[in-house]
Amino acid sequence: MRPMIRFLRSKFDSKILIGVEIGVSVGANAESILETLNIHKLFLVDPYIPYMQRKTLLTVHTSFNTLAKERLGRFKDKTVFIKKTSVDAVDDIPDDLDFVYIDGNHDYSFVKDDIKNYYPKVKRDGIIGGHDFERYWLGVPKAVLEFMHTNNLTLHVEASDWWTIKK
Ligand SMILES: C[S@@+](CC[C@H](N)C(=O)[O-])C[C@H]1O[C@@H](n2cnc3c(N)ncnc32)[C@H](O)[C@@H]1O
């Protein structure tokens with residue numbers, strides 16, 4: 001289980017939650033979220049189309065979406081797939097989120113936009129965070145640290161997950 005998900009479990013215990021995962025792929029982390037937390041709705045945002053990251057074109061097979069749907073089939077009533085980029089999906093997402101987990105395109109401008117666009121959608125005392133806070137990804141720590149600094153937020157980092165509690 002990813003550290004941020006463990007933290008959500010310890011913070012919210014069995015509270016009923018509404019959350020978002022940006023970047024779903026075959027649904028491994030989404031499955032962990034659904035197995036660990038008391039989810040009312042989990043919005044799963046992924047366009048499932050090829051994308052450029054670190055100047056490399058990454059091929060995302062449409063079968064990944066099918067695989068995710070199969071894997072998460074037993075949670076059908078709790079999941080909403082949104083086959084759009086995170087920028088395009090913003091208006092499809094409610095404004096009362098308990099958490100957002102960001103794991104889409106890891107390039108700086110995308111992470112920056114994801115934090116900027118989704119932070120306002122999180123309730124006060126909710127959590128925004130994500131994956132791959134690592135030197136290799138560069139854009140992730142850069143965007144995260146800038147946002148923390150600008151908004152005077154406390155950053156938590158553990159084993160490449162990062163998160164903050166919304167003020
Ligand atoms: C690292 S994978 C996600 C893995 C998943 N979070 C997990 O841990 O099981 C990154 C995913 O981000 C998606 N992605 C790429 N650009 C995106 C964007 N602009 N908005 C949302 N998702 C995006 C890709 O299609 C890919 O499936």
Study note, to complete from the structure: Taking a crude spin-label model, label points 7 Å out from Cα along the C-beta direction, the R9 to D96 distance in nm is 2.7 nm
Exercise for review: Among the listed pairs K83/K121; K55/K78; K76/K123; K15/K84; K76/K167; K11/K55, give every one whose C-alpha distance is greater than 30 Å.
Suggested key: K55/K78; K76/K167; K11/K55
**Study point:** Reduced Cα scattering model of the range 3-165, Debye log10 I(q)/I(0), q = 0.08, 0.10, 0.16 Å⁻¹
**Key:** -0.21, -0.33, -0.88
Check your understanding: Restricting to the range 26-167, what percent of DSSP beta bridges are antiparallel, rounded to 5?
Key -> 55 percent
Check your understanding: Could you work out Rg/(2.2 N^0.38 Å) for the range 76-119, with Rg from alpha carbons only?
Key -> 1.18
**Study point:** Cα pair distances in the range 38-101, grouped into 10 Å bins until the bin that holds the longest one, percent each
**Key:** 19, 46, 30, 6
**Study point:** Rounded FRET efficiency, nearest 0.05, which uses the C-beta distance separating F75 from S109 and R0 of 30 Å
**Key:** 0.40
Review point. So, by mean Cβ neighbours within 10 angstrom, what's the order for 99-109, 72-82 with the highest one leading?
Key: 99-109, 72-82
Point to revise | Label-to-label distance, nm, for residues given as V87 and D125 (7 Å Cα→Cβ offset) | key: 3.5 nm
**Study point:** Gain in span if fully extended, N38 to F64, counting 0.36 nm per residue against the direct Cα distance
**Key:** 6.9 nm
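Any read-out appearing in this document is the output of simple, stated calculations on the displayed coordinates, not a laboratory observation. Computed from a prediction, not measured in an experiment: that's the story for all the values here. No Cβ is skipped: glycine too gets one built from the backbone with ideal geometry, and neighbour counts run over all protein chains shown.
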